[in-house]
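The values are calculated or read from the model by the stated rules, or taken from the named source; none is laboratory data. Worth saying up front: this structure is predicted, and the values here are computed from it rather than measured. Neighbour counts run over all protein chains shown; Cβ positions are idealised from the backbone, glycine included. Note: areas computed on protein heavy atoms with side chains; ligands, DNA, RNA excluded. Shrake-Rupley method; radii C 1.70, N 1.55, O 1.52, S 1.80 Å.
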Amino acid sequence: MTSARVIDGDRTLPPGFAHPHASEEARRIAEEGLILRVQVGSGVHGTSISGQDDRDEMGICLEPPEFVTGLARVPRGIDGGDRPDGSGAWVDFEQYQRHTVWDQPGGLANRSGAGDLDVVVYSARKWCRLALEGNPTVLLALFVPDEEVVFRNAVGAELVDNAHRFVSKLAAARFLGYLQSQRAAMTGEVGAHTNRPELVAEHGYDTKFAMHALRLGGQGVELLTTGRITLPVPEPDRGYLRSVRRGEVPLADVIMAVDDAEARLTGLRDSSVLPDQPDRPWVDEWLHRSHVAYWRERSTSG
């Protein structure tokens, strides 16, 4: 495996908004401390359908010292913080989250579509906590090919080079949980929810949830078998996922495929060659060293 290279790309984020994790202060922290920003949606999986998909991006940032060693907080969106009456709403900084579709009439209630950008930049500490638990969504950032990397500095490159330190058998339970929730939404089980009723009306099931359930199953099996995730999804699986998304596969066949993926993941929960636990000591050391170096750089450049 070759070393990840530095990619000096765009670190600019959409401006703040009236959302709990979208204050201008949070945006500034995310932009200035950015170490990695990648595409993580259907585009990077190779399962997008032309003219239908938004663009999903994920980033990781280091925080200023007052947010790590002190009690500093950020306003709760652009409506939070100080007010004339002395009140205000403040939250801990954990991420900057912004959907460009919010700028359209309807605001936060809008559903992202073709041409929209959905971006979230996690603090490195929160991202590491999620990744160490085996969270399928955040782990993807470690395996994105260079052509889908928006920004990556030397600190982000070191993180990617040490992807294996985050991977363990703990991922089996997380992938299973995500797969099962996607399946429940796909079939409309009690308590499940789909915000794509047009797909159900046309195909009899939510084909996008179905595609995601099968993708998660395949990627979970690959991760638990090899310790890595190949992006985009290799053929012939990619073509099959796209056919499911287009509603070309009967629901009964999709359910059988999901059942098979679930069974394989369940079997790998104990039989995987991966370590039982991730390398938490290395992650702790990396977080400490990276933050201290960032703070020194800010103090000398400021």
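Would it be correct to say that Leu216 is of a type in the set (A, V, I, L, M, F, W, C) and out of contact with any Ser or Thr (no Cβ under 9 Å at 6 or more places or on another chain)?
yes
Out of everything in region 92-107 that is open to solvent by 30 Å² or more (accessible area, probe 1.4 Å) and outside any loop (DSSP other than H, G, I, E, B), what residue ends up being nearest to Ile60 (Cα to Cα)? Before the answer, list the steps.
Our first condition is that a residue be open to solvent by 30 Å² or more (accessible area, probe 1.4 Å); within region 92-107, this holds for 92, 94, 97, 99-100, 103-106.
Right, trim to outside any loop (DSSP other than H, G, I, E, B) and you get 97, 99-100, 103.
Details: Gln97: 12, His99: 17, Thr100: 19, Asp103: 24 Å.
The qualifying residue nearest to Ile60 (Cα to Cα) is Gln97.
Considering (1) open to solvent by less than 80 Å² (accessible area, probe 1.4 Å); (2) over 24 Å from the mean Cα position of the chain (by Cα), say which one Val273 fails and leave the rest.
Every listed condition holds for Val273 apart from (1).
Test of understanding: among Trp282, Trp286, which residue is open to solvent by less than 30 Å² (accessible area, probe 1.4 Å), touching a residue at least 60 places away in the same chain (Cβ under 8 Å) and aromatic (Phe, Trp, Tyr)?
When all the criteria are applied, what remains is Trp286.
Yes or no: Gln95 at pLDDT 95 or above and either under 26 Å from Ile229 (Cα atoms) or not basic (Lys, Arg) (or both)?
Yes: the conditions hold for Gln95.
Could you identify the single residue in Leu170, Leu140 that is closer than 19 Å to Asp276 by Cβ and either out of contact with any helix residue (DSSP H, G or I) (no Cβ under 9 Å at 6 or more places or on another chain) or modelled with pLDDT of 95 or more (or both)?
On the way: Leu140 fails: closer than 19 Å to Asp276 by Cβ.
It is Leu170.
Among the helices (runs of 4 or more DSSP H) confined wholly to region 174-251, which include 3 or more residues that are open to solvent by 20 Å² or more (accessible area, probe 1.4 Å) and at pLDDT 85 or above?
Output list reads 207-226, 237-245.
Name the single residue, out of those in region 152-163 being touching an Asp or Glu at 6+ places or on another chain (Cβ under 9 Å) and surrounded by fewer than 20 Cβ atoms within 10 Å (Cβ to Cβ), that is nearest to Ile229 (Cα to Cα). Break it down stepwise before answering.
Taking region 152-163 and keeping what is touching an Asp or Glu at 6+ places or on another chain (Cβ under 9 Å), we get 152-153, 162.
Still in the running and surrounded by fewer than 20 Cβ atoms within 10 Å (Cβ to Cβ): 153, 162.
Working: Asn153: 22, Asn162: 14 Å.
Ranking the qualifying residues of region 152-163, first place goes to Asn162.
Pull out all pairs, ordered by first then second residue, where Cβ-Cβ is under 9 Å, the residues are six or more apart or on different chains, the first lies in region 250-270 and is in contact (Cβ under 8 Å) with a residue 60 or more places away in the chain, and the second is open to solvent by less than 50 Å² (accessible area, probe 1.4 Å) and among the β-branched types (Val, Ile, Thr).
Note: pairs meeting the criteria are Val254/Thr207; Val254/Val244; Ala261/Val221; Leu265/Val221; Leu268/Val221.
What tally of residues in region 109-127 results from selecting those that are buried (at least 22 other Cβ atoms within 10 Å of the Cβ) and either out of contact with any strand residue (DSSP E or B) (no Cβ under 8 Å at 6 or more places or on another chain) or of a type in the set (Ser, Thr, Tyr) (or both)?
The qualifying residues number 2.
Can you name the helices (runs of 4 or more DSSP H) wholly within region 110-170 that have at least 3 residues being touching a Gly at 6+ places or on another chain (Cβ under 7 Å) and not polar (S, T, N, Q)?
none
Give the residues of region 200-252 that are in contact with a helix residue (DSSP H, G or I) (Cβ under 6 Å, 6 or more places away or on another chain) and among the hydroxyl-bearing types (Ser, Thr, Tyr), sorted by residue number.
If the condition is that a residue be in contact with a helix residue (DSSP H, G or I) (Cβ under 6 Å, 6 or more places away or on another chain) and among the hydroxyl-bearing types (Ser, Thr, Tyr), then Tyr205, Thr207 are the ones that fit.
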